[in-house]
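Only one structure is covered here, and it is reproduced in the block below.
The values are calculated or read from the model by the stated rules, or taken from the named source; none is laboratory data. Just so we're clear, the structure is a prediction, and the values are computed from it rather than from any experiment. FYI the Cβ positions are ideal-geometry reconstructions off the backbone, even for glycines, and counts take in every protein chain you see.
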Amino acid sequence: MSDTNYLSWPFFEGHHDTLARTLDAWATSHISQAHGHDVDAECKALVKTLGAAGWLKYAVGGSAYGGASDVIDTRSICLIRETLARHSGLADFAFAMQGLGSGAISLAGTEDQKQGYLGRVARGEAIAAFALSEPDAGSDVAAMQCSARVEGDYAILNGSKTWISNGGIADFYVVFARSGEAPGARGISAFIVDSNTPGFEIAERIDVIAPHPLATLRFTECRIPLSQRVGAGGEGFKVAMRTLDVFRTSVAAASLGFARRAMDEALHRASTRKMFNQTLADFQLTQAKLAQMATTIDSSALLTYRAAWQRDQGKSVTREAAMAKMSATEGAQQVIDAAVQIWGGMGVVSGHIVERLYREIRSLRIYEGATEVQQLIIARELLKDTPAPRLS
């Protein structure tokens, strides 16, 4: 296991330390870094494995519905994502999407919805997906065009969603659509759409540099009972933002996991690679690079676990989560790039650990709010709290 001094930080309680160490030992025996060619099958198997071992219960809110506690503990999901990411990017993905995909139900679902879906998610018996992005509405959620018109006791969905993780393998999708209660973001609602619902189809599978199940979804006169709406009509944007507030910080934690693994690999290479009658680690240039990598990791970890701790105290974390996500993802990219450089030619060999990490980290700087969006969020929060100047 990587450096664990951070587990003694005051952000954590005793059970967090136990959780991280127990999961690390379990993952060492049950999770492989190497992936085969059938990513769909591997992802499905990982969900079942994580569910059977009891790890997915941390991604679900409500002990009555299979969750580890009545509310999602942000520090726990962050520690789990960091640990899984250090072992396998796909394992981290499988865990994270069970949480993100069912998060809206945990936060705003009805009793029937929670009883019908959350227990299966926690046991790894149903795969969840979060369907928010569209071809022309990614960071600008309010620009979405997928529509939901109400007819009696049904909502009729038309339109498309894209960049949907778990697209093609999910058993259900939480879909956000424009329902028209008000202009802009106030006229969006959320619906649970089972994968076998008539009028729903997978329009296209998307291949990316770090393979995981990803797809474009299409809805054509897709009839959804209003009992499948999550939250009240017009509250979908609020539900989506609440869900992202929980899991955005965990993206930073996954980045930390990738960065810590890269650091471990860089230290190993630097201390064993012979060059000019000494090791690579004996060169001051290498030492300076390692020092910068370690400092970047710790600074990102402090921001990440501050945001997680603050949310677990019931406080707003809009600014803090954005800072953590921006710092950790950008920092991990730098750390991993440095690890590739230390490994030299081996670092760009397809399938090598640092080469896989290089591909894994790139998308985290984009999804769940690109770095540029996080900058806007941070600035907006700062300006909101800044009093207007007095005019003399």
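Inspect region 86-96 for any residue being hydrophobic (A, V, I, L, M, F, W, C), touching a residue at least 60 places away in the same chain (Cβ under 8 Å), touching a strand residue (DSSP E or B) at 6+ places or on another chain (Cβ under 6 Å) and not assigned by the TED database to the domain that holds R362 and give the result as yes or no. Show your work before the answer.
The first filter runs over region 86-96 and keeps only residues hydrophobic (A, V, I, L, M, F, W, C), leaving 90-91, 93-96.
Narrowing further to those that are touching a residue at least 60 places away in the same chain (Cβ under 8 Å): 90-91, 93, 96.
Narrowing further to those that are touching a strand residue (DSSP E or B) at 6+ places or on another chain (Cβ under 6 Å): none.
No.
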Among (1) surrounded by 22 or more Cβ atoms within 10 Å (Cβ to Cβ); (2) of a type in the set (A, V, I, L, M, F, W, C); (3) under 21 Å from K114 (Cβ atoms), where does L19 come up short? (3)
In region 319-372, what residues are modelled with pLDDT under 90, part of a helix (DSSP H, G or I) and under 30 Å from E134 (Cβ atoms)? none
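Can you name the residue in region 245-276 that is of a type in the set (S, T, Y) and buried (at least 18 other Cβ atoms within 10 Å of the Cβ) and, of all such residues, is farthest from T318 (Cα to Cα)? Please lay out each step first, then the result.
Within region 245-276, the first condition is being of a type in the set (S, T, Y), and the residues that meet it are 249-250, 255, 271-272.
Now restrict to residues that are buried (at least 18 other Cβ atoms within 10 Å of the Cβ): 249-250, 255.
Numbers: T249: 10, S250: 13, S255: 19 Å.
Once the filter is applied, the top-ranked residue is S255.
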Taking interchain pairs and intrachain pairs at least six residues apart, which have beta carbon atoms under 9 angstrom, with the first residue in region 134-150 and over 21 Å from L214 (Cβ atoms) and of a type in the set (D, E, K, R) and the second surrounded by fewer than 19 Cβ atoms within 10 Å (Cβ to Cβ) and modelled with pLDDT under 90? R149/G180
Residue among R242, R218 that alone is closer than 29 Å to R362 by Cβ, outside the structural domain of E134 (by the TED database) and either surrounded by fewer than 24 Cβ atoms within 10 Å (Cβ to Cβ) or touching a strand residue (DSSP E or B) at 6+ places or on another chain (Cβ under 7 Å) (or both): R242
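Can you say whether A129 is in contact (Cβ under 8 Å) with a residue 24 or more places away in the chain, crowded, with 17+ Cβ neighbours inside 10 Å and touching a Leu at 6+ places or on another chain (Cβ under 9 Å), as far as the supplied structure shows? Explain how you work it out, then say what you get.
Working: in contact (Cβ under 8 Å) with a residue 24 or more places away in the chain: yes; crowded, with 17+ Cβ neighbours inside 10 Å: yes; touching a Leu at 6+ places or on another chain (Cβ under 9 Å): yes.
Spelling it out, A129 is indeed in contact (Cβ under 8 Å) with a residue 24 or more places away in the chain, crowded, with 17+ Cβ neighbours inside 10 Å and touching a Leu at 6+ places or on another chain (Cβ under 9 Å).
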For R380, are the conditions met, namely being basic (K, R), in a helix (DSSP H, G or I) and either over 25 Å from M263 (Cβ atoms) or touching a strand residue (DSSP E or B) at 6+ places or on another chain (Cβ under 6 Å) (or both)? yes
Please determine, by comparing only the residues of region 245-298 that are of a type in the set (G, A, S) and more than 30 Å from G101 (Cα to Cα), which one is modelled with the lowest pLDDT. A281
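Among the residues of region 148-169, is there at least one that is within 17 Å of the chain's Cα centre (by Cα), on the phi > 0 side of the Ramachandran plot, crowded, with 18+ Cβ neighbours inside 10 Å and modelled with pLDDT of 95 or more? So that I can check it myself, show each step before the final result.
If we filter region 148-169 for residues that are within 17 Å of the chain's Cα centre (by Cα), which is where we start, we get 162-167.
Next, only the ones that are on the phi > 0 side of the Ramachandran plot stay: 163, 166.
From the residues that got through so far, the ones that are crowded, with 18+ Cβ neighbours inside 10 Å too are 163, 166.
Checking the rest, the ones that are also modelled with pLDDT of 95 or more come to 166.
For region 148-169, residues within 17 Å of the chain's Cα centre (by Cα), on the phi > 0 side of the Ramachandran plot, crowded, with 18+ Cβ neighbours inside 10 Å and modelled with pLDDT of 95 or more: present.
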So is D24 of a type in the set (D, E, K, R), within 20 Å of R311 (Cβ to Cβ) and touching a helix residue (DSSP H, G or I) at 6+ places or on another chain (Cβ under 6 Å) or not? no
The one condition D207 fails out of (1) assigned by the TED database to the domain that holds A322; (2) charged (D, E, K, R); (3) more than 22 Å from T110 (Cβ to Cβ) is (1)
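Would you please name the residue that is surrounded by the fewest Cβ atoms within 10 Å (Cβ to Cβ), looking only at residues in region 297-329 that are of a type in the set (K, R) and under 17 Å from G257 (Cα atoms)?
So the first thing to find is which residues in region 297-329 are of a type in the set (K, R), and the list is 306, 311, 315, 319, 325.
Restricting the remaining residues to those that are under 17 Å from G257 (Cα atoms) gives 306, 325.
Working: R306: 18, K325: 31.
The extreme case among them is R306.
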From the option list I336, I366, single residue qualifying as assigned by the TED database to the domain that holds A262, closer than 23 Å to D140 by Cα and not charged (D, E, K, R) is I366
Condition test on T279, is it surrounded by 18 or more Cβ atoms within 10 Å (Cβ to Cβ) and farther than 30 Å from R380 by Cα? no
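Please enumerate the residues belonging to region 334-362 that are under 30 Å from W309 (Cβ atoms) and in contact (Cβ under 8 Å) with a residue 60 or more places away in the chain. Break it down stepwise before answering.
Within region 334-362, the first condition is being under 30 Å from W309 (Cβ atoms), and the residues that meet it are 334-339, 357, 360-362.
Matches in region 334-362: V335, I336, A338, A339, L357, E360, I361, R362.
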Of the residues that make up region 78-94, is at least one more than 24 Å from R306 (Cβ to Cβ), assigned to a loop (DSSP other than H, G, I, E, B) and not aliphatic (A, V, I, L, M)? yes
